[in-house]
Amino acid sequence: MTRPAPTMSGLGRARKSISVSGEALVRVAPLSGGTRMVVCTPTVARLDAREWLAGSGSMLKRLRDEHGAVLLRGFSPLDADGFAELATAMGGDLLDYNNRSTPRTRVSGKVFTSTEYPADQTIPLHNEMSYTDSWPGTLFFACMIPATDGGETPFADSARIYDRVPAATRDRFEQRGVMYVRNFGNGMDLSWQEAFQTEDRGDVDAYCREHGIQAEWLGGDRLRTRHVVQATVVSRTSERKVWFNQAHLFHVSSLPAGVEQVMRESFAEDELPRNAMYGDGSPLDPADLAGIRAAYAAEEITFPWQTGDVVVIDNEQFAHGRRPYSGKRSTLVAMT
């Protein structure tokens, strides 16, 4: 596709050459009380985040590992290509978005739009691709255009969510795991071609075999997949146990009540476009899901986006979502 012209660019002027130590070029402070998330602001005008990263050694990585999430605010705004440079410089090669669960548009290379759900919808807090057996370690978000109203990207500490989920619920999920059931080809969700980024059924079968996904081709152009994966993991950086699944998001009860009713009336349990169960195939307990959603809500951290903001998060340590909004909104995402 043709890449849209960037709204603001950090490449249209000469990048500021800096010889001072990286630590002296930024101030680091807690984003707000009660959260580990921090905000980095430059101490010099028009500082390019790529220049700072190049001169600060592993400072940003250390902040990500220690605090889980870092907001870069007040640096020169970057366009999509500059954003990709920043993410690559810190995290290495960018990842593509395969086994998709939401619609996105490729903006440049492996930089994507954030999930393209209607503006009036909430995207619940979740860890990226925790419905799979393979996920990105670091996520990068860049605010190109903040919404006129709303549109915040909430974040939440996954270890604190784990601690808040009732112990009995944790035990059930950890013992059984989570089964994600998806039905493609009914016109109600992504097609299998978009989800797996291919037109070839053989490619889908190969991917599913590699990742332990049970794939069943049905009549017409329909595909049903079942995948049993983790409910929690031990963070590779913090070494703390974290809540790490999307059962509360995939389960049909995440839909508005009226929509859930229509879906249940229209589809059998195993034919819903997407749903979640315990790993043994038994239905999830509504009380468990209510407790999980309450845990996410209690840990939610929000702040208004500003043009040029970049957030770097450890995907195991922090969950993210999206609030409804009005007006034009543009947020880019990269993964490493």
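At a glance:
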| quantity | calculated |
| --- | --- |
| Rg over Rh [alpha-carbon atoms, Kirkwood Rh] for the chain | 0.97 |
| Qualifying trypsin sites (Lys or Arg not before Pro) in the range 234-289, DSSP loop, other Cβ atoms within 10 Å at most 14 | R236 |
| Residues R323 and S266, FRET efficiency given R0 of 22 Å [Cβ-Cβ distance, rounded to 0.05] | 0.15 |
| Charge sum, other residues only, whose C-beta stays under 14 Å from R274's C-beta, Lys/Arg counted +1 and Asp/Glu -1 | 0 |
| Coil-residue chymotrypsin sites (Phe, Trp or Tyr not before Pro) of the range 239-336, DSSP, other Cβ within 10 Å capped at 16 | F267 |
| Of the trypsin sites (Lys or Arg not before Pro) in the range 150-189, those whose Cβ has at most 10 other Cβ within 10 Å and which sit in DSSP loop | none |
| Accessible area of T122 in the full protein assembly, 1.4 Å probe (Å², nearest 10) | 80 Å² |
| Estimated dipole of the chain in Debye, rounded to 20 [Cβ of Lys and Arg +1, of Asp and Glu -1, Cα centre] | 1020 debye |
| Karplus 3J(HN,Hα) series, Hz, for the range 151-160 with 6.51 cos²θ - 1.76 cosθ + 1.60 (x for Gly, Pro) | x, 5, 9, x, 10, 7, 6, 5, 5, 5 |
| Hits among aspartates and glutamates - C-alpha to C-alpha of K328 under 15 Å, sequence gap 8 or more where chains match | E116, D120, D149, E152 |
| Carbon + sulfur, % of accessible area of the chain - ligands and nucleic acids excluded, 1.4 Å | 50 percent |
| Kyte-Doolittle mean at least -1.0 and Cα axial length at least 27 Å: DSSP H helices in the chain | none |
| Zone of Y207's modelled label, taken as backbone nitrogen in the range 177-193 under 18 Å from a point 7 Å along Cα→Cβ | 180-193 |
| Accessible solvent surface per residue of the range 107-240, calculated while the other protein chains remain in place, 1.4 angstrom probe, Å² | 43 Å² |
| The chain, helix-only ellipticity at 222 nm - DSSP H runs n ≥ 4, -39,500 (n - 2.57), divided by all residues, nearest 500 | -7500 deg cm²/dmol |
| Summed residue charge, Cβ within 15 Å of R176's Cβ, Lys/Arg positive, Asp/Glu negative | -2 |
| Packing-based order for 84-94, 63-73, 199-209, using average beta carbon neighbours within 10 Å, highest first | 63-73, 84-94, 199-209 |
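The values are calculated or read from the model by the stated rules, or taken from the named source; none is laboratory data. All values derive from a computational prediction rather than experimental measurement. Quick reminder, even Gly has a Cβ in these numbers, built from the backbone with ideal geometry, and neighbours come from all protein chains shown. When the accessible area is computed, the model is the full protein with side chains, heavy atoms only, and any ligands, DNA or RNA have been set aside. Shrake-Rupley method; radii C 1.70, N 1.55, O 1.52, S 1.80 Å.
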